[in-house]
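Chemist: Quick one: structure below, then a few questions.
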């Protein structure tokens, strides 16, 4: 018995830990550090129908225990990703969760209809929460009706389960999560970054060329835990949790809050071995806390 | 490229807010001139690593020298390091300067500005070792900012320009290069963007290589923070961290 195994729609995970989208490229960079077979899954970088250049530089700024980014969904476009990036990942026995973004419903539908054909793509993460693009992104994730429509539209064309990524930049996340579940989403991923800003004291201007950016890293973990806890109270579909994970205790806190699996984002940048290190350290910490399997932990939560 | 621990051998102040840090570890065997390292500040709230270029590489002693200027909290944290401390690094990163772009007997011009000067030192050593001639032109704001003039001077002619004229020629690096009495075969440059722009214009007909500085997070090509626009196709970019930081002049928009 694999005590770390997690079964959620489309994904038979050997462990609950995966790198978050936008923080791992398409895997090639980190494959130079370790064997990607180790990972529970890989959440690949966002894909749009056409190539996107992204925002002007500077695109990153540091904050206390975190960072702001405004990359702007730079990616080589659907055709290139289908032909070059996804086939490369086929060599690993690790499910891929493809992240899909767009500027219109047609964009999302176009990518979702095709990306499941790529080898190893076992699920789609619908990116309706990127705060760094003017058209699309977050605009789809802040209105329950719009999120409902979009989820329904992509569910109709996708050959793999749909996980919808929620934004924390809303007054109340609950009606949005409910609308997405009602539209037939297979799961949720949460949270995307928090909209933030930093100013340069010398120039008196924003540090990021885009002005604002998405805040990530350990500083946002309590927000993520709170939002997952809130959504878990009203939703039965699986949640992949993320937001500032840096230790095994963080992983377990996300699972206790209501997540079924956990993604690591920003920490990949500073600690390239963070995912395999967490996977290795998890069983010993589970022993210390009297957790036999992660499935038991979930049952405990459901029965509480 | 890997993550490893290095030991601090020594650290000293060599100019205004500029420190010379010597680190030891077997990762030095993998280093080339113009490459950089991602150093992790010890303060846990400073999340991002700091990219610092490699100034000198001593493979025999397994030691490398880094020169950095204290410009913020991360570099201020590095300034506290003392002999025997451990430093968490990801290294070596990026494509550096290729000394082989200069052939035996050819003359290379190495132009550095401010804290862009350090990576030119090891390049100069490698060029001299392979039988090329080197001339350095180093630009600083003021005499208090000048460093490594003597070290570079041991490898070839070394001219210094300061903006306020308190050391060397008053003016910019181009004030010196415009008056040079030889035509270089190759040009290597590292420094502020405005300086690199002028260098690429002045030496457009030479084999000219520029090392760019961009804000970055991962340093390994995953985050897409440090992109530079390609000249041949403005809809595409190179990542300074893994496809740079050294580019041929004219290859990217600066």
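Derivation of every value follows stated rules applied to the coordinates shown; laboratory data play no part. Remember, it's a predicted structure, so these values are computed and weren't measured experimentally. Every residue, glycine among them, receives a Cβ derived from its backbone with ideal geometry; neighbour counts consider all protein chains shown.
Chemist: Compute the acute angle (0 to 90°) between the alpha-carbon long axis of helix B:193-202 and the principal axis of greatest extent of the alpha-carbon atoms of chain B; round to the nearest 10°.
Modeler: Taking the Cα atoms of chain B, the angle to B:193-202 is about 30 degrees.
Chemist: Write down the radius of gyration of the protein assembly as shown and its Dmax, each obtained from C-alpha positions, in Å.
Modeler: 25.3, 84
Chemist: Let me ask something else about it. So if R0 is 45 Å, what FRET efficiency would residue B:193 and residue A:223 give, r being the distance between their Cβ atoms, rounded to the nearest 0.05?
Modeler: After rounding, the FRET efficiency stands at 0.80.
Chemist: Calculate the mean, over all residues of peptide B:232-243, of how many other protein chain Cβ atoms lie within 10 angstrom of the residue's Cβ.
Modeler: 2
Chemist: Same structure again: May I ask for the distance between the Cα centers of segment B:1-78 and segment A:213-279, given as a whole number of Å?
Modeler: 32 Å
Chemist: Would you mind giving the mean number of other chain beta-carbons within 10 Å of the Cβ of each residue in B:68-78, as a whole number?
Modeler: Taking all residues of B:68-78 together, the mean is 0.
Chemist: Taking 0.36 nm per residue of sequence separation and subtracting the Cα-Cα distance, how much length would be gained by fully extending the chain between residue A:153 and residue A:212, in nm to one decimal?
Modeler: Contour length minus Cα-Cα distance gives 18.2 nm.
Chemist: Could you work out the relative contact order of chain A, using alpha carbon pairs under 8 angstrom and six or more residues apart, expressed as a whole percent?
Modeler: 19 percent
Chemist: Run the quick spin-label model on residue A:293 and residue A:34: label points 7 Å from Cα toward the beta carbon, then report their separation in nm to one decimal.
Modeler: 2.4 nm
Chemist: Given chain A reduced to its alpha-carbon atoms as identical point scatterers, what log10 I(q)/I(0) does the Debye formula return at q = 0.13, 0.14 Å⁻¹?
Modeler: Once normalised to I(0) and log-transformed, intensities are -0.86, -1.01.
Chemist: With the crude spin-label approximation of a point 7 Å out along Cα→Cβ, what separation in nm comes out for residue B:201 versus residue B:12?
Modeler: Result: 4.1 nm between the two label points.
Chemist: Also, I was wondering about something else. On a 0 to 90 degree scale, rounded to 10, what angle separates helix B:119-129 from the longest Cα axis of chain B?
Modeler: Relative to chain B, helix B:119-129 is tipped by roughly 60 degrees.
Chemist: How would you order A:184-190, B:218-224 from highest to lowest mean count of nearby Cβ atoms within 10 Å?
Modeler: B:218-224, A:184-190
Chemist: If you count the DSSP beta bridges with both ends in segment A:6-303, what percent of them are antiparallel, to the nearest 5?
Modeler: 40 percent
Chemist: Hey, another quick one. Using alpha-carbon positions, what is the distance between the centroids of segment A:1-77 and segment A:127-206, in Å?
Modeler: The distance from the Cα centre of segment A:1-77 to that of segment A:127-206 comes to 17 Å.
Chemist: For the residue pair residue B:29 and residue B:154, what label-to-label distance in nm results when each label sits 7 Å from Cα along the Cα-to-beta-carbon direction?
Modeler: Placing both labels 7 Å along Cα→Cβ, they lie 2.6 nm apart.
Chemist: Could you tell me how far the Cα centroid of segment B:211-254 sits from the Cα centroid of segment B:87-144, in Å?
Modeler: Using only Cα atoms, the two centres lie 20 Å from each other.
Chemist: Hey, what number do you get for the protein assembly as shown at 222 nm if only DSSP H runs of n ≥ 4 count, each worth -39500 (n - 2.57), divided across all residues, to the nearest 500?
Modeler: So the helix-based figure for the protein assembly as shown works out to -6500 deg cm²/dmol.
Chemist: Calculated FRET efficiency, residue B:181 and residue A:205, Cβ-Cβ r, R0 41 Å, to nearest 0.05?
Modeler: It comes to 0.40.
Chemist: Let me ask another. Beyond 15 Å, how much of the Cα-Cα pair distribution for segment B:99-211 remains, as a whole percent?
Modeler: For segment B:99-211, the share of Cα pairs beyond 15 Å comes to 58 percent.
Chemist: Mind checking the full-extension length gain between residue B:142 and residue B:103? Use 0.36 nm per residue of separation minus the Cα-Cα distance, one decimal, nm.
Modeler: 10.6 nm
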